[in-house]
1. Among (1) modelled with pLDDT of 95 or more; (2) in contact with a Gly (Cβ under 8 Å, 6 or more places away or on another chain); (3) closer than 30 Å to Glu123 by Cα; (4) surrounded by 21 or more Cβ atoms within 10 Å (Cβ to Cβ), there is one condition Ala447 misses while meeting the rest; what is its number?
2. Would you mind stating whether Ala222 is crowded, with 16+ Cβ neighbours inside 10 Å and either modelled with pLDDT under 95 or touching a Pro at 6+ places or on another chain (Cβ under 8 Å) (or both)?
3. Yes or no: the stretch 348-371 includes at least one residue that is surrounded by 14 or more Cβ atoms within 10 Å (Cβ to Cβ) and modelled with pLDDT of 90 or more.
4. Return the residues of the stretch 402-427 that are open to solvent by 10 Å² or more (accessible area, probe 1.4 Å) and among the small types (Gly, Ala, Ser); say none if nothing qualifies.
5. Is at least one residue of the stretch 177-191 surrounded by fewer than 22 Cβ atoms within 10 Å (Cβ to Cβ), more than 24 Å from His440 (Cβ to Cβ) and of a type in the set (Val, Ile, Thr)?
6. Being buried (at least 16 other Cβ atoms within 10 Å of the Cβ) and not hydrophobic (A, V, I, L, M, F, W, C) is the filter here; which residues of the stretch 450-463 pass it?
7. Specify the residue that is nearest to Leu494 (Cα to Cα); the eligible residues are those in the stretch 18-27 that are over 30 Å from the mean Cα position of the chain (by Cα) and touching a residue at least 60 places away in the same chain (Cβ under 8 Å).
8. Among the residues of the stretch 131-148, which ones are assigned to a helix (DSSP H, G or I) and aliphatic (A, V, I, L, M)?
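The values are calculated or read from the model by the stated rules, or taken from the named source; none is laboratory data. Predicted model only: the values in this text are computed from it and were never measured. Cβ sites come from the backbone with ideal geometry, for glycine too, and all protein chains shown count toward neighbours. When the accessible area is computed, the model is the full protein with side chains, heavy atoms only, and any ligands, DNA or RNA have been set aside. Shrake-Rupley method; radii C 1.70, N 1.55, O 1.52, S 1.80 Å.
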Amino acid sequence: MIEPRFAWRIADPVTASAALVDAGAALGLGARAIGLLAGRGLTTAAELTAFFAEPLTVLHDPRLLPDADVFGARIGRARANGELVMVFGDFDADGLTGLAILVRTLRRLGIATLSYVPSRLDEGHGLSLQAVEAAREAGAAVIVTVDCGSTSVAEIGAAQDAGIDVLVTDHHRLPTELPAAVAIVNPQRADSRYPERRLAGSGVAFKLAQLLLADEPGGPEAALDLADLATIGSIADLVPVLGETRAIVRLGLARIAATPRPGIAALLASANVRPNASDVETLSFAVAPRINAAGRVGESRAAAALLLTDDRDEADRLAAELEAANKTRRDLTSQAMGEARAAVAGSASAETSAPPGSAGNGRETGEDAATPRAIHATIVHGPWPVGIVGLVASKLVEDHGKPAIVGADLGDVIRASCRSNGLLDLGATLDACGDLFLRHGGHAGAAGFEIEAARWPEFVATFDVLAASSVPADPRLPLAIDLSLPSLDVDYALHRDLRRLDPCGIGNPEPLLVVEGLTVTRVRAASGGHTQLTLKRRLDVLDGIAFGRSDLAETVHEGDRVDVVARLTSRTFGGYESLQLDIRDVATAGMHARPVGDVGIGSDVAGTATEPPILVVGAAP
């Protein structure tokens, strides 16, 4: 018996309406793709049509953003009066790309602009008093924040005292007490009329570029030309690739493929990625980490300079700096990951080996005996660089399927990064214990805080209680599966339809299929910890590769009858295209029943009588 590593969450049936089927057929979609999208929430003809509409038609009017008029007027006054404007961008890829968007926009308007990127270690997230002082010394009349500022009450108050106007542009959740900024442009505001609340910080910056350049000669085109930067920032910040963000990403990928700006071209070259091969995955795993790397192991100024330069030689030099920083980041992460895993394992071992009635020592790296061991989350801290604890937290979520919090010891305080398992809203949970923190903030999926080291045990106990609701009955990480079908129904028509869902990412993941009833004819361990499988249908075979699944070379054998969870791909060799399976998991055939109503079908030719008029596939919970 081959047991799956993951908990398979096969979609429940969804009945597509006749109008939805007709709309899908008009778009050239087969019934399986229509049903899949209905399961993901596109249940009306209008929603389905909008999903595939030209991206320019999906972009909203930036004047609908809260305080957009105030923002535009204050920038207009700075332009008229010849005032200096400081653009303050957070040190991650979202903040840096957003900074580059607004600096480029303001300079196009002829406004003298100073860019400022804070130190992750010395200043942390959010507008800093050091930045306010730097703006005062430089004679700046205005500070524009990017991807931050909604919680910077004291810092904006200090700027106000110095006679500096602050314009906040942000996308994070807002606190009860708002800062005294001249404008707070944040689609999360309760009074926002903006149709899209899920923009990244760089997405908000892109919309403000559209606002500021709308009436300039060549301005609308120049604003759209910045979509590549907003695309990278949005993908890096794990914003859902849906709605307006999907439109921005489509525009940005086209820009990168056609004529990448020097900084992006240099980063792609460092990662050995051709511009016309760029997609959400390559930007997420090749470009964004290199932009983030400088801030994780040092300062982010080189990354900002890279995104602002139009000189390819300078871009190549700066990209080389980021490449070196990225290597250092990988080494530090690997070391910290090993130590964190050992600390978690040691804590669990101490708990289980404690005498009956004892609480165990509950200690993890850097903790004392008073610290309880969390049950419903993975919580650990240690002497690790602030810039890599978020990466470690993400890995621990993969390891244990629970929310993870990893803290960096900074003397009397601990600065921590949090990552969700997809079931716990971290932003809301941290708000619920906010009285413990020196500061905190973030999203549902990722957040952070700073706390006095002495209060860490209290935090662990409090957070563990709050996280109890997020622990699933099945401890395995879930795989959300869109469609389960017999292996003979895997065909080129389905592959073409699924590719039309691109660009895929958070919120619009690449479809995962259960391909049923395959016979293993070959198993081979591949270099890099991968496993290659050759899988027979009736008369032909499908080649599959399971990246990072070296275990399958030991557990799967020739002759086994299996079902696999996979992404359907293709490759062309010698002029011939062949379907392939990017395998995520394997189980003995028949272990997972297909949802009632989900039927296998043959060739996907839209509108033909060979397809059922309604296909039933839904999104996993």
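1. (1)
2. On the way: crowded, with 16+ Cβ neighbours inside 10 Å: yes; either modelled with pLDDT under 95 or touching a Pro at 6+ places or on another chain (Cβ under 8 Å) (or both): no.
No.
3. The answer is no, given that none of the residues of the stretch 348-371 is surrounded by 14 or more Cβ atoms within 10 Å (Cβ to Cβ) and modelled with pLDDT of 90 or more.
4. Narrowing the stretch 402-427 to residues open to solvent by 10 Å² or more (accessible area, probe 1.4 Å): 402, 409-413, 415, 417, 419-425.
Those that are open to solvent by 10 Å² or more (accessible area, probe 1.4 Å) and among the small types (Gly, Ala, Ser): Gly411, Ser417, Ser420, Gly422.
5. yes
6. Result: Glu450, Arg455, Pro457, Glu458, Thr462.
7. Ala25
8. Step one: list which residues in the stretch 131-148 are assigned to a helix (DSSP H, G or I), which gives 131-138.
Once the filter is applied, which keeps residues that are assigned to a helix (DSSP H, G or I) and aliphatic (A, V, I, L, M), the stretch 131-148 yields Ala131, Val132, Ala134, Ala135, Ala138.
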